[in-house]
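The next block holds one structure in the form of structure tokens; read it before the comments.
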Amino acid sequence: MLGAATPVTAETRVVGWVERVALGEEGLILTAKLDTGADTSSLHAPEVRWFTRDGHRWVAFDVTGEDGRKVRFERKVIRIAEIKRRGAGEPFRRPTVLMGVCVGKVYRVTEVNLADRTRFKQPFLIGRKFLANQFAVDSARTHTVEPGCAETKRR
């Protein structure tokens, strides 16, 4: 047996492999790929500025939403992720921060590494750490839910 399957329950929401999501309390709307093959989430942030605040490493980065609105985020770096790719020599090192993410009506804070995702169709990839025990991803479906979390409406 390869591993125990987690059953879909009444609490599990079935979503598509591409969904519109809201990012942070700012509620910035992005298109995201929901990827059960990725452990952590990854956000398009091609220009990350590092700085120190209260003795800790922080980053500032801009994210542009579907509507063209650009939001500047500042987050404490919780760790540096090492991303290994097949055929590449040294692993990529990416800052990892905590971000609030809303899919449908579910708002969770999750680890997000910051990367230049220019070559990808979606600016945001949501991994298993966010999806676990909340969502089942149907690879035949897209755009099944709209972000509608109360947490993103505190602007």
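List of remarks:
- Long-range neighbours under 8 Å by Cβ, at least six apart or interchain, first residue under 20 Å from K70 (Cα atoms) within the stretch 43-54, second open to solvent by 100 Å² or more (accessible area, probe 1.4 Å) and in a strand (DSSP E or B): W50/R57
- The sole residue among E90, E74 that is over 15 Å from the mean Cα position of the chain (by Cα) and over 14 Å from L114 (Cα atoms) is E90.
- So A115, is it open to solvent by 50 Å² or more (accessible area, probe 1.4 Å), over 20 Å from T142 (Cα atoms), out of contact with any Asp or Glu (no Cβ under 8 Å at 6 or more places or on another chain) and modelled with pLDDT under 95: no
- Annotation: V101 fulfils all but one of (1) in contact with an Asp or Glu (Cβ under 9 Å, 6 or more places away or on another chain); (2) surrounded by 13 or more Cβ atoms within 10 Å (Cβ to Cβ); the unmet one is (1).
- Count of residues meeting criterion [modelled with pLDDT of 95 or more, part of a strand (DSSP E or B) and not hydrophobic (A, V, I, L, M, F, W, C)] in the stretch 11-57: 13
- Residues in the stretch 118-130 that are open to solvent by 10 Å² or more (accessible area, probe 1.4 Å) and farther than 18 Å from V77 by Cβ: T118, R119, F120, K121, Q122, P123, L125, R128.
- Tallying residues that are modelled with pLDDT under 95 and outside any strand (DSSP E or B) within the stretch 70-97 yields 8.
- Some residue of the stretch 132-153 being charged (D, E, K, R), over 10 Å from the mean Cα position of the chain (by Cα) and open to solvent by less than 40 Å² (accessible area, probe 1.4 Å): no
For (1) of a type in the set (S, T, Y); (2) surrounded by 13 or more Cβ atoms within 10 Å (Cβ to Cβ); (3) in contact with a Lys or Arg (Cβ under 6 Å, 6 or more places away or on another chain), each residue gets a yes or a no:
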| site | (1), (2), (3) |
| --- | --- |
| L34 | no, yes, no |
| A38 | no, yes, no |
| D62 | no, yes, yes |
| E66 | no, no, no |
| A81 | no, yes, yes |
| F92 | no, yes, no |
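- Annotation: F51 fulfils all but one of (1) closer than 14 Å to F124 by Cβ; (2) over 17 Å from the mean Cα position of the chain (by Cα); the unmet one is (1).
The values are calculated or read from the model by the stated rules, or taken from the named source; none is laboratory data. This is a predicted model, so every value here is computed, not measured. Here Cβ is always computed from backbone atoms with ideal geometry, including for glycine, and neighbour counts include all displayed protein chains. When the accessible area is computed, the model is the full protein with side chains, heavy atoms only, and any ligands, DNA or RNA have been set aside. Shrake-Rupley method; radii C 1.70, N 1.55, O 1.52, S 1.80 Å.
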